[in-house]
Every structure is written in structure tokens, then in C-alpha cells.
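J.: Structure provided below as C-alpha cells; questions to follow.
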Amino acid sequence: MSDEIILKTKNLHKKYAEGTSMEVHALRGVDIEIKRGEMVAIMGPSGCGKTTLLNLLGGIDQPSEGTIYINNQDINLLTDTEVTDFRLHNIGYIFQLFNLFEFLSALDNTVLPLLLTDITKLEAEEEAKMMLRQMGLGDKIFHLPNELSGGEQQRVAVSRALLMNPAIILGDEPTGDLDQDTSSEIMNLFVSINENYKQTFLVVTHSEHIAKFCHRTIRIVDGEIVDDGKQVKK
Ligand SMILES: Nc1ncnc2c1ncn2[C@@H]1O[C@H](COP(=O)(O)OP(=O)(O)OP(=O)(O)O)[C@@H](O)[C@H]1O
Ligand SMILES: [Mg+2]
């Protein structure tokens, strides 16, 4: 793991329906630092703000207050178009329910982000095929999602996220829909990607078992970090 900080937040706040009687103060001054090559778990009770945090980090939603630096870029300073481009190149997102397009093959699902860049379709498909082979899906390239197991579908989503060589991969309960054995298989895949490519991961989970695959665990309660895991390990 390097000493380079790949992701940093300062005093991050998120209020939904701000100023109304429905206001929810979902994040209350969150400070996080993640180094390149770290694998970090985020845990906390339902409703504590985990998805909110990931959505802010992924540039899907904006904070009410505070700053987010990814790869030394303050993402609040980017225009909408710039954020979209920054996201494409720097952030891989893996969701609980795989988020694959059901009428597209494993290959076509994987290749999607590359089609938004300058490289040709043929080159993009070659890269996507290579990635799918590395993920152990070489014989499933032309399968549709419903012709794949849950673990295989998640490996397609991982291939798609990895293909852009992002600064960080954000996973919102990426194993939440898988049984324990398949969850461990996916986490072992993350560990090997982390070890081989120094890929940084931030993974939300409800499972202590899943968190154990990570270098440290950040714990959130009611929108505040109660433990950033730094004292415990490393
Ligand atoms: N779009 C929204 N509008 C209003 N309130 C919201 C919105 N999204 C989330 N919230 C509220 O913000 C708080 C944090 O929600 P969030 O989805 O981040 O929790 P979570 O930790 O991901 O929970 P879970 O473990 O159940 O997925 C909750 O009180 C939730 O009801
Ligand atoms: Mg959530």
C-alpha cells in the first residue's frame, strides 16, 4: 500500500429535503482518508448514511457541505459534464443487484464504459474479452445475465468496473444478494485484484465476515464515523 491519498473527505454533510419539515441530516461531518491500494469496509446500521456517502463519493449526488477529493481533484469544482467524465475514468461502481442490462451479453455489458471513450469498438471488445477471461468468464462471454449465476453476474459487473482502471472501486453491498460461499468467492476476487493491481476498494457491507477481507473497517452511526478502523489494524 502506498502513502498516496486516493480519496479524502472533509467535513462532509448531507441533508435531504433541507429546510423542510421532512429534513433528514444523513451525514454529519464525515472525514475519511483512503490510501491507494487500501481495501476498506464501511459498516453501520440501516439508515446510518452508507449509501448516501457512496453516492456523494461517486459524484451521483452533491454534499450539502464539505469537500471530496479523489485523485487530488476536488470533485465539487467540476461542472456536470466534467463530473460525468471524471466518474467514467476514476470511479468504478458495483451495486448489490449487479445492474447489468438484461438484453446485453456479458461482453456487451462489460464493454459499455469503453464505448464512451475514443478507442474503437473492436479494440474495446478485445479489452473487455481479456478482462472477462481474467475474471474466469472466458466461456460465458456471449451469455445473457439470466444465463449466468449470481456470482458470475457480479463478476461481469466487476469486469466492467475494472476495465476503466479506476482510482477507486465503490461497492454498495456488492455481495448482499449472494450466498456466503459466493460472497467469499467475490471477496477473494477483490483481494486478488487488490494485491495484483493495487486497486483501491471501498465496500459497504452488513457482514462482519465480508469486512474481514478488508484492511480496515470504518463504522458509521447516525451519519457520523464512530471508528475509522485505523487504530485496530495495520
Ligand atoms: N433521497 C432521499 N430523500 C430523503 N431521505 C433520504 C434519501 N435517501 C436516503 N434518505 C435518508 O437518509 C438516511 C441515510 O440513508 P442511506 O440510504 O444512506 O442509509 P444506509 O446506511 O445505506 O442504509 P441501508 O443499510 O438500509 O442501505 C436515512 O434516514 C434515509 O431514510
Ligand atoms: Mg444503503
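J.: Please pick out the residue among 62, 96 that is at pLDDT below 95, touching a Gly at 6+ places or on another chain (Cβ under 8 Å) and of a type in the set (S, T, N, Q). Working first, answer last.
T.: Numbers: 62 fails: touching a Gly at 6+ places or on another chain (Cβ under 8 Å).
When all the criteria are applied, what remains is 96.
J.: Could you say which residue among 175, 205, 200, 182 is away from ligand 1 (no atom under 16 Å from the Cβ) and under 13 Å from the mean Cα position of the chain (by Cα)?
T.: Criteria check complete, one pass: 200.
J.: Strands (runs of 3 or more DSSP E) wholly in region 134-234 with at least 1 residues that are surrounded by fewer than 16 Cβ atoms within 10 Å (Cβ to Cβ) and of a type in the set (A, V, I, L, M, F, W, C) - which ones?
T.: 216-221, 224-227
J.: Name the single residue that is nearest to ligand 1 (Cβ to nearest atom) among those in region 42-62 being farther than 19 Å from residue 90 by Cα and touching a helix residue (DSSP H, G or I) at 6+ places or on another chain (Cβ under 8 Å).
T.: 44
J.: Identify, please: which residue in region 136-172 is of a type in the set (Gly, Ala, Ser) and closer than 27 Å to residue 40 by Cβ and is, among those, nearest to ligand 2 (Cβ to nearest atom)? It would help to see each step written out before you state the result.
T.: Of region 136-172, the ones of a type in the set (Gly, Ala, Ser) are 136, 138, 149-151, 157, 159, 161, 167, 171.
From what's left, closer than 27 Å to residue 40 by Cβ: 136, 150-151, 157, 159, 161, 167, 171.
Values: 136: 28, 150: 19, 151: 21, 157: 17, 159: 24, 161: 18, 167: 22, 171: 11 Å.
Among those that are of a type in the set (Gly, Ala, Ser) and closer than 27 Å to residue 40 by Cβ, it is 171.
J.: Taking region 41-57, which residues are surrounded by fewer than 22 Cβ atoms within 10 Å (Cβ to Cβ) and either assigned to a loop (DSSP other than H, G, I, E, B) or more than 16 Å from ligand 2 (Cβ to nearest atom) (or both)?
T.: The answer is 45, 46, 47, 48.
The values are calculated or read from the model by the stated rules, or taken from the named source; none is laboratory data. What you see is a predicted model; the values in this text were computed from it and never measured. All Cβ positions, glycine included, derive from the backbone under ideal geometry; neighbour counts span all protein chains shown.
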